[in-house]
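Asks: For reference, the structure I am asking about is given below.
The values are calculated or read from the model by the stated rules, or taken from the named source; none is laboratory data. None of the values given here were measured: they were computed from a predicted structure. Here the Cβ positions follow ideal geometry from the backbone for every residue, glycine too, while neighbour counts run over all protein chains shown.
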Amino acid sequence: MNFNEVRFLTSFGSPKQLPEPTRPEIAFSGHSNVGKSSMINALFNRKNLARTSAQPGKTATINFFDTPGAFIADLPGYGYAKRSKAELESWGELMDAYFTTGRPIALTVQIIDLRHEPTDGDYQMLDFLTQTGTPFIIVRTKLDKLRPSALAQRLTESDEELADFPGVPRLDFSAVTKQGLDELRKAVSLAVEGGSPAAGTR
């Protein structure tokens, strides 16, 4: 997959607006402020391709990016406490439509902030991806925010926290140091090409 060619396509806020599923899709999912935009920007070596909302958790659209051979879907963040009931229902309908209407999702990159125990939303999303049979990997971010001793401890704790998902590949990533970037690109490329996303992960 060519990571040097990418353009923003458009944003979709309702199931009826989703584009025709004409090519494989790579979805990025995670809690608000988990580093999703920074990861997408690092993946394509762009500074402002994906932008962080000025109001975390308020963006309720799927942002699509066009690359040769694949669509990139930046899913709206979940878990932000200030969402209204209507916004939560809209988010749920959009996610259900995206994941359960037969779209060619080659891989979902489920992002978790390594500094903290997975949230209830993280676990719900992991369960949802498992139950729907969606291929996914877990990418743990914010490695650069932890001192070496704390990092080693959190990696061990995180393995225990994710013990209910033993067969899911895991990758450790930092948008600042670019640790894990090559492995992420490899996993995405293999998924687009129809291979296993496990290569390059553990």
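Asks: Does Gly77 satisfy the criteria of being modelled with pLDDT under 95 and either within 17 Å of Ala187 (Cβ to Cβ) or surrounded by fewer than 22 Cβ atoms within 10 Å (Cβ to Cβ) (or both)?
Replies: When the stated conditions are applied, Gly77 does not pass them.
Asks: Identify, please: which residue in segment 100-149 is in contact (Cβ under 8 Å) with a residue 12 or more places away in the chain and among the acidic types (Asp, Glu) and is, among those, farthest from Leu43 (Cα to Cα)?
Replies: Restricting to residues being in contact (Cβ under 8 Å) with a residue 12 or more places away in the chain and among the acidic types (Asp, Glu), the top hit is Asp120.
Asks: From Ser53, Ser37, Ser32, which residue is at pLDDT below 90, surrounded by 13 or more Cβ atoms within 10 Å (Cβ to Cβ) and under 18 Å from Ile138 (Cα atoms)?
Replies: Ser32 is the lone residue from the list that is at pLDDT below 90, surrounded by 13 or more Cβ atoms within 10 Å (Cβ to Cβ) and under 18 Å from Ile138 (Cα atoms).
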